[in-house]
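Asker: Starting off with a structure, shown below.
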Amino acid sequence: MSSVLRVGLGVMSNATQAPSTIANIGVVMFTVSDVDAAIAFYTEKLGFEVRSDTRFGENGEHRWVEVAPPGGDARLALNPPMRDEPGGGSIGVETADVLGEHKRLGALGVEVDEPMTPPGAPAMFFARDPDGNNVWVVEAPPAGA
């Protein structure tokens, strides 16, 4: 059995399996108690933009909402809970200025923890949205790294 492990991006493959056709993480999902309040948080506090806000279902009773940082490829879907309470998810976003973003979000009243730089890891902190979902703000790796 042949396996390959490449450190850095954490790419692993197993030559005995058919290659995946998945090429990208395009959408991650957070459960939220109030979709409109979540849109306001992500657009007004984090500076995201609304990419999709579509009603669906026989009578338009469901709603699919996606937000994303301007220019970003991956989107964050904001969904009402299907089975459990809202909150409890985590995503990571990148910035070139962790301390500046920490100061900016704190000034906007966003709940943020103190910045940290664990050994061998980039500088980071986490913020929480109104439903308790964690948004890890991580220092972006240098270009070409």
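Only the coordinates and a few stated rules stand behind these numbers; no lab work does. Keep in mind that what you see is a predicted model, and the values were worked out from it rather than measured. A quick note on method: Cβ atoms are made from the backbone with ideal geometry, for glycine too, and the neighbour counts reach across all protein chains shown.
Asker: What does the extension gain come out to for residue 59 and residue 37, with contour length at 0.36 nm per residue minus their alpha carbon separation? Don't skip to the end; give the middle numbers.
Answerer: Working: separation 22, 0.36 × 22 = 7.92 nm, distance 2.28 nm.
Computed gain between residue 59 and residue 37 is 5.6 nm.
Asker: Can you tell me the length gained on complete extension of the stretch residue 49 to residue 74, counting 0.36 nm per residue apart and subtracting the Cα distance? Walk me through the numbers on the way to the answer.
Answerer: Working: separation 25, 0.36 × 25 = 9.00 nm, distance 1.19 nm.
Contour length minus Cα-Cα distance gives 7.8 nm.
Asker: Hey, another quick one. Among 82, 99, 35, pick out the residue whose Cα is farthest towards the positive end of the charge dipole of the chain, where Lys and Arg carry +1 and Asp and Glu carry -1 on C-beta, about the Cα centre.
Answerer: 99
Asker: Check residue 27: other-chain or 5+ apart residues with amide H under 5 Å from its amide H, H built from backbone geometry?
Answerer: Here 75 satisfy the definition.
Asker: Tally Lys/Arg at +1 and Asp/Glu at -1 over every other residue whose Cβ is under 13 Å from the Cβ of residue 134; what's the total?
Answerer: For residues surrounding residue 134, the net value is -3.
Asker: Determine the dipole magnitude for the stretch 25-139: charges of +1 sit on the beta-carbon of Lys and Arg, -1 on that of Asp and Glu, nothing else is charged, the reference point is the Cα centre, and the result goes in debye to the nearest 20.
Answerer: On the way: 9 positive and 20 negative charges, 23 e Å.
Around 120 debye, computed over the stretch 25-139.
Asker: Between residue 85 and residue 123, what length comes free when the chain is fully extended (0.36 nm per residue of separation minus the Cα-Cα distance, one decimal in nm)?
Answerer: Working: separation 38, 0.36 × 38 = 13.68 nm, distance 3.08 nm.
Gain on stretching residue 85 to residue 123: 10.6 nm.
Asker: While we're looking at this one, here's another question. State the antiparallel share, in %, of DSSP beta bridges confined to the chain, rounding to the nearest 5. If you can, show how the numbers build up before the last one.
Answerer: Working: 21 of 32 bridges.
Bridges in the chain that DSSP calls antiparallel: roughly 65 percent.
Asker: Normalised by the residues of the chain, what does the relative contact order come to in percent, with Cα pairs under 8 Å and at least six apart?
Answerer: It rounds to 20 percent for the chain.
Asker: Determine the distance separating the Cα centre of the stretch 18-49 from the Cα centre of the stretch 103-145; give it in Å without decimals.
Answerer: 17 Å
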